[in-house]
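Engineer: Supplied in structure tokens, the structure appears directly below.
Quick note: the coordinates plus some simple rules give every number you see, no bench work behind them. Note that the coordinates shown come from a computational prediction; the quantities given were computed from them, not determined experimentally. So basically every Cβ, Gly included, is an ideal-geometry build from the backbone, and we count neighbours across all protein chains shown.
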Amino acid sequence: MRSALLAVALGGLLLTGAACSSDGDSGTETIAEAPVAEAPASTVPAPNYYANTRKVCTALDKIFDADVAQFGTAMGKMIAYKEAKQADEAEAARKLASKELKEVGAKVRKETSAAEDPDLKTAGAVSATKFSKSASDKAMFDKVKTTKDLDRTLRAKMPDWMDPVAGLCAT
């Protein structure tokens with residue numbers, strides 16, 4: 001609404017400046033005044049997404065707690081197998097961790113697709129895509145050989161995965 005008022009005011013100012021003219025030798029100026037239009041008051045209230053957002057965010061909290069924990073458990077198994085030099089078991093655990101992370105992304109996408117708030121819906125799609133992309137990033141899994149590596153990786157990845165929706169669910 002402010003943009004519309006600003007545009008009308010600037011348009012009036014430009015018209016006023018353009019309408020100034022000199023009457024040749026007389027030195028008098030004629031100024032045409034543009035009428036100032038007022039924007040109509042909005043009678044439509046802003047949509048209230050609060051209840052739906054709470055519902056979606058509660059579901060996301062459960063996903064981030066339980067499902068991400070399952071991913072962490074699979075990563076822990078992968079680390080244990082790597083340390084024990086059991087390559088086949090480590091690879092199976094990596095695939096399970098990848099599957100768990102991909103499922104987190106799918107659940108985030110599903111829950112946020114039901115959001116009424118278009119910003120939350122968009123943020124959910126971004127977050128879900130980040131989870132899914134990381135799930136297929138074999139290099140990320142290959143870097144994790146110890147619990148210290150896991151902590152470092154998760155400290156870097158968790159905000160990236162969750163930040164798109166976290167700001168919208170914080171209130």
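Engineer: Do the alpha carbons of any pairs in Lys99/Lys143; Lys99/Lys145; Lys55/Lys143 sit beyond 27 Å of each other, and which pairs?
Structural biologist: Result: Lys55/Lys143 exceed 27 Å.
Engineer: If you don't mind, there's one more thing I want to ask. Size of the dipole of region 69-140 about the Cα centre, Lys and Arg at +1 and Asp and Glu at -1 on the beta carbon, nothing else charged, in debye to 20?
Structural biologist: 220 debye
Engineer: Which value in nm describes the separation of the simple spin-label points at Asp88 and Arg155, placed 7 Å from the Cα toward the beta carbon?
Structural biologist: Spacing of the two 7 Å Cα→Cβ label points: 3.7 nm.
Engineer: Using Cα pairs under 8 angstrom and six or more residues apart, how large is the relative contact order of region 114-170, in percent?
Structural biologist: Normalised by residue count, the contact order of region 114-170 is 50 percent.
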